[in-house]
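> Pasting in a structure now, in structure tokens, and then I'll have a few things to ask.
Any read-out appearing in this document is the output of simple, stated calculations on the displayed coordinates, not a laboratory observation. Given the structure is predicted, the values throughout are model-derived calculations rather than measurements. Positions of Cβ are backbone-derived with ideal geometry, glycine not excepted, and every protein chain shown enters the neighbour counts.
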Amino acid sequence: MKKYTIYLLLLLTAVMLIGCKKKALEGDDYDTDMLPTSPPTQSVEATPTPPEENHDGEMKSYLSGLWVPEEIGKKRPWAIQFNNLKIVGNQSGIGQADIVYECLAEGGITRLLGIGENYTGDRFGSVRSSRHYFVSILDEYDAIYIHYGKTKYATSKMDQLGIDHMDGTVMDSTVFYRDKSIKAPHNAFTSVKGIEAGIKKKGFRTEYKEGYEPHYTFYDEDTDLSGGSAANKVSLKFSGYASPYFTYNAEEKLYSRFQYGKEHIDSVTGKQLTFKNIIIQFVKEWNIDKNGYQTMDIENASGTGFYITNGKAVPITWKKKEADSWMRYYDEKGNELTINPGKTYVTLFPKDRPGDVVIE
């Protein structure tokens, strides 16, 4: 009898425990978050891979570092000597140049050299006479030189370097034409048709010489300078007459050029000149004779300067040996300078007047 009583008590106890557990599971205090659950199925969206740029039939331009068709990139550039007098107004076609050099000529005026690989159109100019330091510059680019007149110093330098050039005083009717609405001698212009006719007549080579190497080293893509000082405005006081300046457009990441108190415009397109890179090169400069012609110490020479891009300026050094045919630029660590792809403005500025260059 006792044995059955024990069994009955055990059975009742088990039933009570099961009932309490069921009640606890059904109660308001039950936390469903505590129950083990299967991990939710996650939907993973694949990140689309951007298509690779197709550059078949293209190459990096030696002048700008940008992708261009091979037939343009291999084409020998043209260097046009542009007038820059205030009375003449804005130049025609200079906006097509990939590289623009500006140097003092005489009497406080400056002259511009536009080097381009893909000039198009029927109006470039006005074209003015050559100066020998521009001859040394364009030789670095294996360029064909278009000018109207020359000094004896330029003649000597062209002969020395074997420059292929077309002079308006010799090839006027073939390469150049006069705009009768403008007073001479500031009314000589050229065109693609005229230049090509002159090249054919002279028998000039139309592609880069064998073994030519790019003048500049370019970044693969737009790159901000590490360090450096702010460069939102760059002012160059060549003289009281010529004091151009550049302002930085942070949205476009380009420098817009001004001169003679207003925007510097290409009169063909009506667009302001803009540049990705500015190189300021300090050089020894002086009058070479009683005519006031300038000369510059840029052969077997070295000096300092600034490289400016994307709102920043950094110090650089430069050196050139005529045998190298290059003006080589170096950063503060002594490495050859790398610049951003795009258009470049270069000035050879008198080194005894560094205060006339203001970067702010």
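> Going by C-beta contacts inside 10 Å, put LYS276, LYS180 in order with the fewest on the left.
Ordered by Cβ neighbours within 10 Å, fewest first: LYS180, LYS276.
> So what is the relative contact order for the chain, in percent, with contacts set as C-alpha pairs under 8 Å and at least six apart?
17
> Oh, and also: Spelling out what I want: for every residue of segment 170-181, take phi, set θ = phi - 60°, compute 6.51 cos²θ - 1.76 cosθ + 1.60 (Karplus), and round to whole Hz; glycine and proline get x.
Karplus-based 3J(HN,Hα) across segment 170-181 equals 10, 10, 4, 6, 7, 9, 10, 8, 9, 8, 5, 7 Hz.
> Of all DSSP beta bridges in segment 58-359, what percent run antiparallel (nearest 5)?
DSSP beta bridges in segment 58-359 are roughly 75 percent antiparallel.
> Per DSSP H run of n ≥ 4, the term is -39500 (n - 2.57); total these for the chain, divide by its residue number, and report the mean residue ellipticity at 222 nm rounded to 500 deg cm²/dmol.
-5500 deg cm²/dmol
> Picking from VAL127, VAL170, VAL234, which is most flexible by a Gaussian network model of the chain using Cα springs under 10 Å?
VAL170
> Still on this structure: How far apart, in nm, are the 7 Å Cα→Cβ label points at GLU322 and ASN300?
Result for the modelled spin labels: 0.8 nm.
> Output the pairs from LYS233/LYS253; LYS180/LYS262; LYS237/LYS351; LYS157/LYS351; LYS86/LYS351; LYS233/LYS262 with a Cα-Cα distance over 21 Å in this structure; if there are none, say none.
Check vs 21 Å cut-off fails for LYS180/LYS262; LYS157/LYS351; LYS86/LYS351.
> Same structure, new question: Using Cα springs under 10 Å in a Gaussian network model of the chain, which residue among GLY211, GLY303, GLY194 shows the largest mean-square fluctuation?
GLY211
> Sequence-distant or interchain residues sharing an amide H contact under 5 Å with PHE349, placed H: which?
GLN281, PHE282, VAL283
> For SER92, SER267, what ranking results if the residue with the fewest other Cβ atoms within 10 Å of its Cβ goes first?
SER267, SER92
> Ok, one more. Counting DSSP beta bridges with both partners in segment 119-209, what percentage is antiparallel, nearest 5?
Taking every DSSP beta bridge within segment 119-209, about 55 percent pair in antiparallel fashion.
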